[in-house]
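Heads up, the thing below is written out as structure tokens.
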Amino acid sequence: MTYRNELETLATLIDARGAPWDGIDAEGAARMRLQNRFRTGLDIARYTAKIMRADMAAYDADPAQYTQSLGCWHGFIGQQKMIAIRKHFGTVKRKYLYLSGWMIAALRSDFGPLPDQSMHEKTSVPALIDELYTFLKQADARELGMIFRELDAAREAGDATRAADLQHRIDTYESHVVPIIADIDAGFGNAEATYLLAKKMIEAGACAIQIENQVSDEKQCGHQDGKVTVPHEDFLAKIRAVRYAFLELGVDDGVIVARTDSLGAGLTKQIAFSREPGDLGDQYNAFLDCEEISDIATVNGDVLINRAGKLMRPKRLPSNLFQFRAGTGEDRCVLDCITALQNGADMLWIETEKPHIEQIAGMVDRIREVVPNAKLVYNNSPSFNWTLNFRQQVHDAWKAEGRDVSAYDRGALMSVIYDTTELAAEADERIRTFQRDAARRAGIFHHLITLPTYHTAALSTDNLAREYFGEAGMLGYVAGVQRKEIREGIACVRHQNMSGSDIGDDHKELFAGEAALKAGGVHNTMNQFA
């Protein structure tokens, strides 16, 4: 609905109510409606799911149209990302937010900092989704409020052309509300627990839920050791549980991202149920590390399976876990991905130990032989040493080409002594184009960095502490922070405006008229940053 239509609708309503509503301003109410276009989290989930589905279709037509996001642990962080993107690029198209379970565990649990093992409160996940969207909606309200003020000024100046342009900007306004890919870990329990938590996440606004195939009560960070996977049927039950949650709540376009940790997971808690040779359970069990039993008398409370007519004993550890055969990780990943896509997942996430395009593409090529439009979400993780990995990749490529690499110590390529070398320059170029190249070659629809603001907050705080508590004193803040904010046009330099002070003044004027006690007068020190 356009600004004019909204205004006319409300004017008709207020007029019909008669004298008791004489003090209500139709234009003020219309503005407030436009500043709060999303009434519930489900409104957001339906809106953002359509965005994501359209982006997925655009990517299928042209892999250059990949999407990106950065991880968040606070609503303000997510808001500032979207404001910065709008400021620098003019649009938030194909830009999302990622909600990281690692970040919640490390930074938002009542237990204090925790490892990424699903020990944090499950309710903190939907709570963060709600918080992120609260801040994104506030960004809309703030920016529209500033446009409304410009519109009033244009009208007062009699500038009809400017007023018409501003009204068009209002009617075509692009919201800061974007899709959030939300991490549900391994579901925090069984399929029923997964369903219940998924509902809470969707009700908070999540249109995309990422779920992994680890054992819920043994969950580990994807880049750590000790990962334990579940048989496919267990994982598929949780995928179906998430789909039922989407459908129950009317988010028919909801997106499920199925993550496999099998590449780095060498253990399983269960032997899969199998009805007949070659079925899904049998395929899972085929990867188990087994030894043939020739003498039944040697069996002592062990589990035995039949493999090609031979009696086999899967190797069981003192932890009561079973281990897979070494070197089967990629084959298990491919089977995981095909199975997930054939049973309701929309996209894949393959957790790898390094950012290597050909390694990812090798698996995706095999998956696409069965599911041609398979798409990935990929973690451009800070757990990777990107500099060292790519310098080593270039070193190995050069060596394979027969180039002389005797001047480089492969194990020490992180050293600053190599920063100005040709090898380092080529590695940096590969890092720069990694997302674009991987989108084309490896089927990666969405690139994300899980923990960027965890690291940027640590780095910026370290720099400020060194300067402010050192010789620079107050200059450490002024030169290192405020002066840069002013000159780089960072909206937060006017932090009162960013927190909603001007929106509050607009409301005070609507509610109290001339009696309004507004904060934005001539004595407001924020005017120094106008």
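The values are calculated or read from the model by the stated rules, or taken from the named source; none is laboratory data. Just so it is clear, the model here is predicted, and its values are computed rather than measured. Methodologically, a virtual Cβ is constructed for each residue, glycine included, from the backbone with ideal geometry; neighbour enumeration extends over all protein chains shown.
Worth pointing out:
- Candidates LYS122, LYS93, filtered to the one that is assigned to a loop (DSSP other than H, G, I, E, B), modelled with pLDDT under 95, farther than 12 Å from ILE180 by Cβ and of a type in the set (Lys, Arg): LYS122
- Residue that is nearest to THR433 (Cα to Cα), among those in segment 309-359 that are in contact with a strand residue (DSSP E or B) (Cβ under 6 Å, 6 or more places away or on another chain) and charged (D, E, K, R): ASP346
To keep it simple, each residue is scored yes or no on (1) surrounded by 24 or more Cβ atoms within 10 Å (Cβ to Cβ); (2) in contact with a Gly (Cβ under 9 Å, 6 or more places away or on another chain); (3) modelled with pLDDT under 95.
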residue	(1), (2), (3)
ALA198	yes, yes, no
ILE202	yes, yes, no
CYS207	yes, yes, no
ILE211	yes, yes, no
GLN214	yes, yes, yes
ASP217	no, yes, yes
GLN224	no, yes, yes
LEU236	no, yes, no
ARG240	no, yes, no
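- Scanning segment 62-98 for residues that are small (Gly, Ala, Ser) and either within 12 Å of the chain's Cα centre (by Cα) or not assigned by TED's automatic domain parsing to the domain that holds ALA49 (or both) gives SER69, GLY71, GLY78.
- Residue match in segment 424-442 (condition: within 29 Å of PRO63 (Cα to Cα), touching a strand residue (DSSP E or B) at 6+ places or on another chain (Cβ under 6 Å) and either of a type in the set (A, V, I, L, M) or touching a residue at least 24 places away in the same chain (Cβ under 8 Å) (or both)): yes
- Test: residue in segment 99-106 that is in contact with a Cys (Cβ under 8 Å, 6 or more places away or on another chain), outside any loop (DSSP other than H, G, I, E, B) and farther than 29 Å from GLU143 by Cα: yes
- Flag if TYR477 is closer than 27 Å to PHE89 by Cβ, modelled with pLDDT under 95 and part of a helix (DSSP H, G or I): no
- Hits in segment 169-204 - residues which are part of a loop (DSSP other than H, G, I, E, B) and under 24 Å from GLN220 (Cβ atoms): ILE184, ASP185, ALA186, GLY187, PHE188, GLY189, ASN190
- Screening LEU464, LEU510 for residues that are in a helix (DSSP H, G or I), in contact (Cβ under 8 Å) with a residue 40 or more places away in the chain and either farther than 24 Å from LEU97 by Cα or touching a strand residue (DSSP E or B) at 6+ places or on another chain (Cβ under 7 Å) (or both) leaves exactly one candidate, LEU510.
- Taking the conditions (1) out of contact with any Cys (no Cβ under 7 Å at 6 or more places or on another chain); (2) small (Gly, Ala, Ser); (3) under 21 Å from LEU348 (Cβ atoms) in turn, GLY250 satisfies each one other than (3).
- Filter result (within 30 Å of GLU131 (Cβ to Cβ), aliphatic (A, V, I, L, M) and surrounded by fewer than 21 Cβ atoms within 10 Å (Cβ to Cβ)) within segment 159-194: ILE170, ALA191, ALA193
- Strands (runs of 3 or more DSSP E) fully within segment 218-307 that include at least 3 residues being in contact (Cβ under 8 Å) with a residue 24 or more places away in the chain, closer than 23 Å to GLY327 by Cβ and acidic (Asp, Glu): none found.
- Failed item in (1) in the same structural domain as MET56 (by TED's automatic domain parsing); (2) touching a His at 6+ places or on another chain (Cβ under 7 Å), with GLY264 passing the rest: (2)
Quick grid of which residues meet (1) over 23 Å from ILE256 (Cβ atoms); (2) among the hydroxyl-bearing types (Ser, Thr, Tyr); (3) assigned to a helix (DSSP H, G or I):
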| residue | (1), (2), (3) |
| --- | --- |
| THR352 | no, yes, no |
| PRO355 | yes, no, no |
| GLU358 | yes, no, yes |
| ILE367 | no, no, yes |
| ASN373 | no, no, no |
| TYR378 | no, yes, no |
| SER381 | no, yes, no |
| LEU388 | yes, no, yes |
| GLN392 | yes, no, yes |
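- Looking at GLU156, GLU121, just one residue is surrounded by fewer than 18 Cβ atoms within 10 Å (Cβ to Cβ), among the acidic types (Asp, Glu) and under 26 Å from VAL255 (Cβ atoms), and that residue is GLU121.
Matching residues to (1) under 19 Å from the mean Cα position of the chain (by Cα); (2) outside the structural domain of THR48 (by TED's automatic domain parsing); (3) under 30 Å from LEU451 (Cβ atoms):
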residue: GLN117; (1), (2), (3): yes, no, yes
residue: HIS120; (1), (2), (3): yes, no, yes
residue: VAL125; (1), (2), (3): yes, no, yes
residue: LEU128; (1), (2), (3): yes, no, yes
residue: GLU131; (1), (2), (3): yes, no, yes
residue: GLN138; (1), (2), (3): no, no, yes
residue: MET146; (1), (2), (3): no, no, no
residue: ASP152; (1), (2), (3): no, no, no
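- Given (1) surrounded by 16 or more Cβ atoms within 10 Å (Cβ to Cβ); (2) in the same structural domain as ALA237 (by TED's automatic domain parsing); (3) closer than 19 Å to ARG441 by Cα, number of the condition CYS333 does not satisfy: (2)
- Residue check, ARG37 surrounded by 13 or more Cβ atoms within 10 Å (Cβ to Cβ), basic (Lys, Arg) and under 27 Å from HIS176 (Cα atoms): yes
- Residue that is surrounded by the most Cβ atoms within 10 Å (Cβ to Cβ), among those in segment 370-413 that are hydroxyl-bearing (Ser, Thr, Tyr) and at pLDDT below 95: SER381
- Taken over segment 144-153, the criterion of being crowded, with 18+ Cβ neighbours inside 10 Å and in contact (Cβ under 8 Å) with a residue 60 or more places away in the chain is satisfied by LEU144, GLY145, PHE148.
- Filtered residues of segment 46-74 (kept if within 30 Å of PRO113 (Cβ to Cβ) and either small (Gly, Ala, Ser) or in a loop (DSSP other than H, G, I, E, B) (or both)): SER69, GLY71, TRP73, HIS74
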